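Just so you know, all these numbers are worked out from the coordinates, no wet-lab data involved. None of the values given here were measured: they were computed from a predicted structure. When we count neighbours, we look across all protein chains shown, and the Cβ atoms used for this are built from the backbone with ideal geometry, even at glycine.
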Amino acid sequence: MLQLARSFGSRIAKKGFHFLPDFKLKCGLEIHTQLSTQNKLFSLSTNDPFASASLPNHHTSFFDVSLPGTQPTLNPEVVLLATKLAVALNSRINMNSRFDRKHYFYADQPMGYQITQHYSPFAKGGFLELSGSLDTIDEDFKRIELVQLQIEQDTGKSVYRGSEGRSLIDLNRSNVPLIEMVTQPNFTDLKQVRAFIKKYQNLVRHLGISTGDLETGAMRVDVNVSVNEHPRVELKNLPNTSSILSAVKYEYQRQVELIQSGETDRYSGFSETRGWTGSSTVKLRSKETTIDYRYMPDPELPSVKLSPSAVQSVAQSMPELPDAVLRGLMSEPYNLTLKDAKILAIKGNGHDQLYTQTDLLKFYLDTFNCYSELSGQRLNPKLPTNWIIHELLGNLNRLQLTLAKAAEAFPPQKFAELLMLIQDDKISKASGKLLLFHILDETNTSSLAQPVDLGALIESFDLNTIEKIDMNELKEICIGIIDEISDPKLIEGIVSGKKKNSLKFLVGQGMRMSQGRIKPYLFEQAFKDLLEVKW
Amino acid sequence: MSKVLTRSTPVWWLPRKFYSQKTRVIVGPRLKSLAEIKDYVGKPTWSVEEYLQTSSTSKAQPPSRKDVEKLLKLSGLPNENVEVFQATLGKQLAFINKVQSLPVDESLDPSHARIIDRNPEALDYESLSHSVGQQEAQKDKEIGEVGGSWDSTGLAAISENGFYVLREGLLKNRK
């Protein structure tokens, strides 16, 4: 069976991928998201599922390992985070949701059942809207409707030791809170699937309810795929976005081939669950062997009764949602490009990062406001963007300095003053770059004098633009540069006017030597005079 | 037919049929002291034995061999003593049928069929946030809620470097 599936795979891979107009793809997603609560769902052990590498079974209470006689108590933080997500996804919150037991036997599930919400989930309905302008999809707008959100327990982790014929079980992840979100089968294209995953991932990071990482399993995506209304196939074990997309492509083509060959009745007359091997999907189980979960209301947990004011208060405590932030940054007065707006507003995975997007966005907005006040009518919106996104972030990476530390030493007000000095030509761009790097470098080594006095620094480094230039001195610099040129054809080209652009090279050398403090047009004139250029 | 009081019915969980069947349960007066409870429990108004006896005459079919084997598999139990289970389960089914045929209060909310607070207070934002703030102080070492406060694999028959160990056979025989 496995062998058959593999040969199938290579055949499809060689043909390349495209959707066929007569075969309509229909997809739905089921996403499990680990909540970043302080503690676990039904106990007060620390929620740190990744402690396992060095400390297996470290964060496990009696309940988490299901010692007899222990009972669950709901963690209220889970309710707050679930409410946030439900509000952000426009879902109808169930003011009286309940927990149920889903029974199955597996080694990483010590109770013999998972506590989940089957009969009366936390929230129903809702949607996430994708747009052509923000989310790289072909349609202008695409609304993905949601079925429901439910709160449930995560399981432990098994490390399979094939050679020893046994598995090692770590229950650090046991009883970690999850939200399962199920969408309607609204996806008709791979771009929509990719965009939705990215958008949902950013949303949970933005709301601070999960790290949203696929790689660590903090977010796990299962996909339902059906073609031309044939029974759906559920794809599981998809570790990252590219395997999700590859698996959908593979499954689409597999189902199309089954339909074309008239074998649908034989092979997919019933829904089945398939896994992804990295190159093909393989059957895990079919409907015939579906597990009977024997759901029952959990007799130990009271219903989760919420007051309407609780939902209202959570909604009010939430930050502006990512789409609104992006649209705001892309319009007056900021006028950022989508790419730059995303740098400020879209969350990375947070690992090894020197700043959070929230802090970066705040630094940008504060700086923009200060600069806007100082510059008044002469506001150039590109200046703060370029200097923060390119210069500042570049330097932070180079120095491995956190934004928090940098902002403490060089706050938005000072940053705006620096921008004004550059805008007013008080210092050249090159000097500005040197100055910014110097300040950040000093901050890093904690040798910066506080508060930063830009004027004094400019004075001490002699960075002021040279207003009055001694023409003789300028001439000498230029002679020095010309003498250094080893290729006489370059000078000949300039004099004859055949290679006018070479003059720019000389000007560039002059700018470098004067560290940008002498204006380029002065150099240009001086070189022309010296070389007796007629053009 | 004697009255059935909810207090004496073992209502841990009733099968799904319970929810659809509109039957009636009569709830007695509230018991106010331990003495009253002792007194109440001391005088049984009905017995399981009685129902089992009366039901043995009814025509309840024991579950089929196939059903019992499926149940054993679901419960992770070895496929042994099937006839014994058939007989025992047959008796239990007859008992459940009997219980379900009794008159109960039709106005009863099925979600109340659990021995927990039926009308918990609605949670508001302040109480939720407050409870979250209290968690750190409430972590209880006695029930292992402090990381590393107990050797959780110490009770297991086999463990390895802090992991529980599962012998492969259990996994393989799932299907």
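Brief remarks follow.
- Calculated FRET efficiency for the pair A:Met95/B:His130, C-beta based, R₀ 22 Å, to 0.05: 0.65
- Gain on full extension, evaluated as 0.36 nm per residue between A:Leu55 and A:Lys362 minus their Cα-Cα distance, stands at 106.8 nm.
- Cα-based reach from A:Lys124 at 20 Å (exclusive), listing lysines while leaving out same-chain residues under 8 positions away: A:Lys84, A:Lys102, A:Lys142, A:Lys199, A:Lys305
- Taking 0.36 nm per residue of separation and subtracting the current Cα-Cα distance, fully stretching the chain between A:Asp483 and A:Lys382 would add 32.5 nm.
- Counted residue by residue at 0.36 nm each, then reduced by the alpha carbon distance between them, the extension gain from B:Val48 to B:Glu69 reaches 4.9 nm.
- Distance from region A:87-140 to region A:359-376 (C-alpha centre basis), Å: 39
- In chain A, helices alone account for a calculated mean residue ellipticity at 222 nm of -12500 deg cm²/dmol, with every DSSP H run of four or more residues adding -39,500 (n - 2.57).
- Bridge type composition, region A:208-287 - antiparallel percent by DSSP, nearest 5: 65
- Between the helical axis of A:520-531 and the longest alpha-carbon principal axis of chain A there is an angle of about 50 degrees.
- Cα gyration tensor category, rounded, prolate or oblate, for the protein assembly as shown with a/c compared to 1.5: prolate
- Modelled this way, with points 7 Å down the Cα-to-C-beta line, the labels at A:Lys429 and A:Glu300 are 6.6 nm from one another.
- Taking every DSSP bridge with both residues inside chain A, close to 95 percent are antiparallel.
- Modelled this way, with points 7 Å down the Cα-to-C-beta line, the labels at A:Ser331 and B:Ser33 are 7.3 nm from one another.
- Sum of side-chain charges, A:Pro520 neighbourhood, beta-carbon under 14 Å (Lys, Arg +1; Asp, Glu -1): +4
- Listed by chain and number, the lysines whose alpha-carbon sits under 19 Å from that of B:Lys91, ignoring those within fewer than 8 places in the same chain, are B:Lys17, B:Lys59, B:Lys66, B:Lys70.
- Estimated FRET transfer efficiency when R0 is 56 angstrom, pair B:Ala137-A:Gln515 (beta carbons, to 0.05): 0.40
- Angle in degrees between helix A:241-260 and the longest Cα principal axis of chain A, rounded to the nearest 10: 50
- Degrees, to the nearest 10: A:429-444 long Cα axis against longest axis of chain A: 60
- Neighbourhood net charge (12 Å Cβ-Cβ; Lys/Arg +1, Asp/Glu -1) for A:Leu89: +3
- When B:Tyr164, A:Tyr521 are arranged by Cβ crowding within 10 Å, least crowded first, meaning fewest neighbours, the order is A:Tyr521, B:Tyr164.
- Each part gets one Cα centre, and for region A:481-523 versus region A:395-435 those centres are 30 Å apart.
- Counting neighbouring Cβ atoms within 10 Å and putting the fewest first, the residues B:Arg167, A:Arg220 line up as B:Arg167, A:Arg220.
- For A:Lys24, a cut-off of 12 angstrom between C-alpha atoms picks up these aspartates and glutamates, skipping any fewer than 8 places away in its own chain: A:Asp189, A:Glu229.
- Each Lys or Arg adds one and each Asp or Glu takes one away; over the other residues whose Cβ falls under 12 Å from the Cβ of A:Lys498, this sums to +2.
- Under 21 Å between alpha carbons - lysine pairs in region A:471-531 that sit 8 or more apart or on different chains: 16
- Likely footprinting exposure, A:Met181, A:Met471, A:Met420, fewest C-beta neighbours within 10 Å first: A:Met471, A:Met420, A:Met181
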